[in-house]
Amino acid sequence: MSLYPIFVDLRGRPVLVVGGGQVAARKVERLLVAGAKVRLVAPAQCNELLQRQARGEIEVLATAFTPEALHNQILVVAATSDLAVNRAVAAAAAARGMLVNVVDDPQLSSFQVPAVIDRGPLQIAISSGGSAPVLSRLLRARLETVLPPALGKLAAVLERCRGAVVALLPDVNQRRRWYERVLDSVGRVAQTAAPDIADRTLLEDATRFAHSAPARGHVSLVGAGSGDPDLLTLGGLRALQSADVILHDRLVGAGVIDLARRDALRIAVGKCAGGESIAQDRIHELMLEHARAGRHVVRLKGGDPFVFGRGGEELEFLVQHGIDFSVVPGVTAALACAAYAGIPLTHRDHAQSVRFLTAHCADSIDTLDWAALADDRQTLAIYMGVAGLGRLRERLLAHGRKPETPLAIVENGSRPDQRVVIGNLNHIVELSRDLAIKSPALLIIGEVTTLAQRLHWFGAAPITRDTRRQPNRHCEEANDAAIQ
């Protein structure tokens, strides 16, 4: 179940709770903290609820539920152990278009109550959509240990000073950059100082920032990894979360892009062999335009930007135009595809060296040192080699590589639809054709590929000539920006 996250202001608003036990008491407690006007329907009440009624904190409407109890309520929570009553509450709420939560019954509920980490004005809610409340509570317990209580004090400072900060820094991008820079130092003050001192510290810093020179733009050249979002580095994650503009290749996975700031401008600038592509000069223009406007631009590339990714060309352009930049390396396709296929690129018994090369067109193939590439006891990791399998085989055989040389093709490496095909140099063209291998795919040639059948751990087992299946269609997203 995919839920829409929302925080509701219940101050002074009527909320009905049906039930009088300990579960209902916990729900009542959270509603009162939120300022709700709680009304109760229950045949009997636990001591905690009786005490709250005696203090005037809650109002008891009736002992038995009837649909009329929902009149003028904003929300309703059913917290009884009687399934029939819970169903009656849910049905009556649905008939009136009201939101209802039935405890421990997501099928009857139209909203869920999340596990909450409370730090004063700052609240972090965790929900599994009602499917795994124990998991939500476990995550809350873990986050509680790493989020200091002082975050509440910092949130209170920011809440009190928000209007003044907006007046000092009216531009949203300027204000965000200041917040990112100042929060650590103000957070330390907020932990120990009196509220007025913490407020003054924050506003003094905002004033200095408002009168400082305009921010210089910056370009971060970031490697997105080979497809699995888990392969994005911490540096890449931080860059994405601070970016104003993201220029991303067509082949960067959606799971990676989803990690970026929600309000960042996303511009697809991918290239596609034989399809619609963005010219490299246009990519340069976009980097320059946004950086000169003072924005943080993340140039997001699949794999590693310096491995067949034109990263060097783009940095040369930035240097030529005086634009500040930084580089965050990524896990390149050869490393990731081999690892996810269970293929060590080097091995003491099979290969003492590995070569990365690209061979996506006839011109690039003719520039390679085929005599050296035909040597045994080395691994060849070939990017963009699927379309040229016939030419690759022809040249390797002509220069002495054995026809029975083992190899593997890793299609959609590190993604859920990964396929690994094992064969030999003599039969690889036919095997690839029969299985309808599509780009993006990495070709690995060498004895190390024989280990894939024993060491595979991710996805389906490798396919061989003996286990080939009917071809199926896989996504054509690439692992490296260069595999296009």
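Throughout, read-outs are computed from the coordinates displayed, never taken from laboratory work. Computed from a prediction, not measured in an experiment: that's the story for all the values here. As a convention, Cβ positions derive from the backbone with ideal geometry for all residues, glycine included, and neighbour counts pool all protein chains shown.
Observations
- Each of 365, 267, 463 has some number of other Cβ atoms within 10 Å of its Cβ, and from fewest to most they run 267, 365, 463.
- Loop chymotrypsin sites (Phe, Trp or Tyr not before Pro), region 341-419 (other Cβ atoms within 10 Å of the site Cβ: 13 or fewer; DSSP): none
- Alpha carbon centroid spacing (whole Å) that separates region 398-422 from region 80-109: 55 Å
- Peptide ranges 293-301, 390-398, 212-220 listed from the most packed, as the mean C-beta count within 10 angstrom indicates: 293-301, 390-398, 212-220
- Label zone at residue 267, where the point sits 7 Å out along the Cα-to-Cβ direction: region 290-327 residues whose backbone N lies under 14 Å: 290-300
- Theoretical gain in end-to-end length, residue 237 to residue 63 [0.36 nm per residue, Cα-Cα removed]: 57.3 nm
- Residue-wise HN-Hα couplings along region 222-238, as the Karplus relation 6.51 cos²θ - 1.76 cosθ + 1.60 with θ = phi - 60° gives them from phi, are 10, x, 8, x, 9, x, 5, x, 5, 8, 5, 6, 4, x, x, 5, 4 Hz; Gly and Pro carry x.
- Packing-based exposure ordering (other Cβ within 10 Å, fewest first) of 431, 240: 431, 240
- Going from the residue with the fewest nearby Cβ atoms within 10 Å to the one with the most, 161, 46 rank 46, 161.
- Efficiency of FRET between residue 438 and residue 280 - r from beta-carbon atoms, R0 22 angstrom, step 0.05: 0.35
- 17 Å cut-off, amide nitrogen to a point 7 angstrom out along residue 104 Cα→Cβ, residues in region 7-32: 18-28
- Calculated FRET efficiency for the pair residue 348/residue 398, C-beta based, R₀ 25 Å, to 0.05: 0.25
- The length gained by stretching the chain between residue 310 and residue 464 to full extension, at 0.36 nm per residue less their Cα-Cα distance, is 52.0 nm.
- For trypsin sites (Lys or Arg not before Pro), the sites in region 29-134 that DSSP calls loop and that have at most 10 other Cβ atoms within 10 Å are 55.
- Counting charges near residue 390 (Lys, Arg +1; Asp, Glu -1) among other residues having Cβ under 11 Å from its Cβ returns a value of +2.
- Computed label-point distance, nm, for sites residue 167 and residue 417 using a 7 Å Cα→Cβ extension: 5.6 nm
- Charge tally in the Cβ shell below 13 Å around residue 445, where Lys, Arg are +1 and Asp, Glu are -1, residue 445 excluded: +2
- If both residues of a DSSP beta bridge must be in the chain, then about 35% of such bridges are antiparallel.
- Candidate values (i) 41, 24, 21; (ii) 56, 33, 18; (iii) 30, 26, 24, label of the one derived for semi-axes √(5λ) of the Cα gyration tensor in Å: (ii)
- Residues residue 320 and residue 391, FRET efficiency given R0 of 51 Å [Cβ-Cβ distance, rounded to 0.05]: 0.90
- Put a dot 7 Å past the Cα of residue 123, heading toward its Cβ, do the same for residue 367, and the two dots end up 6.0 nm apart.
- Separation in nanometres of the label points that stand 7 Å from Cα toward Cβ, at residue 183 and residue 254: 2.8 nm
- The sum of -39500 (n - 2.57) across all DSSP H runs of n ≥ 4, divided by the residue count of the chain, sets its helix-only mean residue ellipticity at 222 nm to -10500 deg cm²/dmol.
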